[in-house]
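The values are calculated or read from the model by the stated rules, or taken from the named source; none is laboratory data. In this text the structure is predicted, and so the values were computed from the model without any measurement. When we count neighbours, we look across all protein chains shown, and the Cβ atoms used for this are built from the backbone with ideal geometry, even at glycine.
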Amino acid sequence: MHCQPRHGKQVYIWLKNKQTCLLCDEPTDACHPLCIPCETELPWLGDHCQVCALPLPMADLTCGQCLRAPPAFEQVIAPWVYGFPVDTLITRFKHSAKWPFGRLLGEILAQSLQHRFNEGLQRPDALVPVPLARKRLRERGFNQAAMLARWLSDNLHIPMDETLLIRPQNTTAQQDLDARARKQNLRNAFALMAGAAVNGRHLALVDDVLTTGATAHSLARLLRKAGAARVDVYCLARTAKPGELA
């Protein structure tokens with residue numbers, strides 16, 4: 001029995017496939033399932049802190065928190081503010097396993113990063129997803145940060161490295177905590193894997209959302225102490241709420 005039909009021509013031509021926008025259900029000829037009007041109306045991140053990407057009223061500024069207590073990471077790259085409909089798409093991807101939404105956002109993030117690389121942003125040696133604790137990974141069934149890192153790796157041709165970080169403790173979910181509690185919650189939450197190759201490497205942490213920056217700072221500090229030359233952060237969205245980074 002043969003699964004494929006006997007046909008002398010191509011059965012499916014990907015480039016001529018008519019896609020439907022995931023937001024409005026209208027047909028689109030774009031390379032991803034998002035029409036131009038919906039893409040234009042997404043909450044794009046405008047002027048922001050040059051370190052943590054916190055939205056600011058003017059360009060080329062560094063926020064007060066980063067000036068007072070510089071984080072361990074070099075800079076955050078995020079295309080959007082965490083607002084509608086990006087917040088809804090991320091939530092459905094992360095908590096309802098609606099992977100097409102995550103894939104769509106990941107592909108646009110990859111385009112944004114490639115544009116930055118073309119303008120001179122230094123390419124990292126590897127993409128490092130923020131790890132999940134084993135209990136939460138079993139409950140959710142997947143690590144959304146690892147999926148994003150894999151999609152970015154495929155699009156940007158940058159290796160993904162899951163052999164560096166682990167999260168041995170089952171901590172409280174960060175979204176349920178305020179800035180001070182987030183910081184305390186992450187004490188000793190992460191560790192390096194045995195034999196992790198970090199020294200001298202430029203690494204980019206990958207996650208879905210950056211809120212206070214506590215997780216990114218904790219991981220970047222761990223990697224820098226192990227000898228990483230530089231740590232950047234790539235995420236889908238940055239919240240507009242300021243918070244303590246250290």
Looking for something within 20 Å of Cys52 (Cβ to Cβ) and surrounded by fewer than 18 Cβ atoms within 10 Å (Cβ to Cβ) - is there at least one such residue anywhere in the range 84-102? yes
Being surrounded by 13 or more Cβ atoms within 10 Å (Cβ to Cβ) and either within 23 Å of His217 (Cβ to Cβ) or in contact with an Asp or Glu (Cβ under 7 Å, 6 or more places away or on another chain) (or both), is that true of even one residue in the range 21-30? no
Any residue at all in the range 65-74 that's in contact with a Lys or Arg (Cβ under 9 Å, 6 or more places away or on another chain) and not in a loop (DSSP other than H, G, I, E, B)? no
Keeping to the range 58-71, report how many residues are in contact with a Leu (Cβ under 8 Å, 6 or more places away or on another chain) and under 16 Å from Leu223 (Cα atoms). 1
Name the residue that is nearest to the chain's Cα centre (by Cα), counting only residues in the range 229-246 that are at pLDDT 95 or above and surrounded by 24 or more Cβ atoms within 10 Å (Cβ to Cβ). Cys235
Under 6 Å between Cβ atoms, at least 6 apart or on separate chains: pull out the pairs that start in the range 103-124 with a residue that is aromatic (Phe, Trp, Tyr) and end on any residue that is in a loop (DSSP other than H, G, I, E, B) and modelled with pLDDT of 95 or more. Phe117/Arg123
Counting only residues that are aliphatic (A, V, I, L, M), outside the structural domain of Gln75 (by TED's automatic domain parsing) and at pLDDT below 95, give me the helices (runs of 4 or more DSSP H) lying completely in the range 87-193 with at least 3 of them. none
Scan the range 194-220 for residues that are assigned to a strand (DSSP E or B) and not β-branched (Val, Ile, Thr) and jot them down. His202, Leu203, Ala204, Leu205, Asp207, Asp208, Leu210
